[in-house]
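A.B. asks: Before we start, here is the structure in question, set down as structure tokens.
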Amino acid sequence: MENNKKIQQLTPLAKNKKPFWKKWWVWLIIVFVVIVIVSPGENESEITPTEKKLPETKMEKSGGNVLSPEQTETNSESVSTQKLEEKNRDESVFITEPEPQPIEPEPQPEVEPEPQPIEPEPQPEVQNESQPKSPEPEAKIEAIFPLRENALAIIKENASIEWGNDYRMVKYETDKQTASYNWLINEDNYPDIMVRAYKEWGNDYGMVKYKYENQVEAYEWINKQTEYPDIMIRAKQEWEPDYGMVRYEYENQVEAYESL
């Protein structure tokens, strides 16, 4: 019974007990904590941006003293000037002077030359190769050489001078030269070729006959050629009246031309 009474006495006390969050001291603690949390943010918001940068840019480590605002402004201006100079110097490295461009001369108006009269080029005279060349009029063949008696005397004298006491060779040379003389005075064709041969070899009638025959043969061969007339004209202009050389030059030039 006594226990039941004690329980009944305690029960009202338990019912009248308030929860802890309704205690006044709990709210006092909460208010204090809020003030502590809010107060650093307000202090930081009141600090100007210039004051925030003091520890970084405006504090000198000589003695650990904080610079005054005037010194801070002076230092900030010098730092800004220094940075601007460095920036300009860096930009100047990349700025290159443009290369000078060549000045093109102004186009001059074209002046048309006055038309000059065109003179016709002289055309080389082309001889008719199909017709034999008419020799220049000369005296008769007999009049070119000395008389027979004088010619035989000259032949014997020259043979004796050449061969001396070798009478066999003297007789052989005399007979050969006499036969050549007789043949020459009886030849009527191409007296101009005969004259040139006689002027070249004189009283050596064997060589006069040899030269004359070669020149006549070359001359008649040249007149028969009809191909490459331009080559023939150049050969004649270079070597005529040496017909042997005209033929030689013509044959060599034609051979080279056909081998190209």
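A.B. asks: Applying 1/(1 + (r/R0)^6) with R0 = 35 Å to the Cβ-Cβ distance of S259 and Y210, what FRET efficiency is obtained, to the nearest 0.05? Mind dumping the intermediate values first?
C.D. replies: Working: r = 32 Å, r/R0 = 0.92.
So the FRET efficiency works out to roughly 0.60.
A.B. asks: So, one more: Where does each of I154, I231 land when they are ordered by accessible area, with a 1.4 Å probe and the largest first?
C.D. replies: Working: I154 50, I231 15 Å².
The residues order as I154, I231, largest area first.
A.B. asks: Rule-of-thumb check for segment 135-241: C-alpha Rg over 2.2 N^0.38 Å?
C.D. replies: Working: Rg = 17.0 Å, N = 107, 2.2 N^0.38 = 13.0 Å.
For segment 135-241, the normalised Cα radius of gyration is 1.31.
A.B. asks: Can you send over the carbon and sulfur percentage of the accessible area for segment 138-260, probe radius 1.4 Å, protein chains only?
C.D. replies: Values: 3970 of 7830 Å².
Here it works out to 51 percent.
A.B. asks: So for the pair W163, W183, with labels modelled 7 Å out along Cα→Cβ, what separation do we get in nm?
C.D. replies: Label-label distance for W163 and W183, simple model: 1.8 nm.
The values are calculated or read from the model by the stated rules, or taken from the named source; none is laboratory data. Please read these numbers as outputs of a predicted model, since none were measured by experiment. A quick note on method: Cβ atoms are made from the backbone with ideal geometry, for glycine too, and the neighbour counts reach across all protein chains shown. Areas reflect the complete protein model, heavy atoms only, side chains present, ligands, DNA and RNA absent. Shrake-Rupley method; radii C 1.70, N 1.55, O 1.52, S 1.80 Å.
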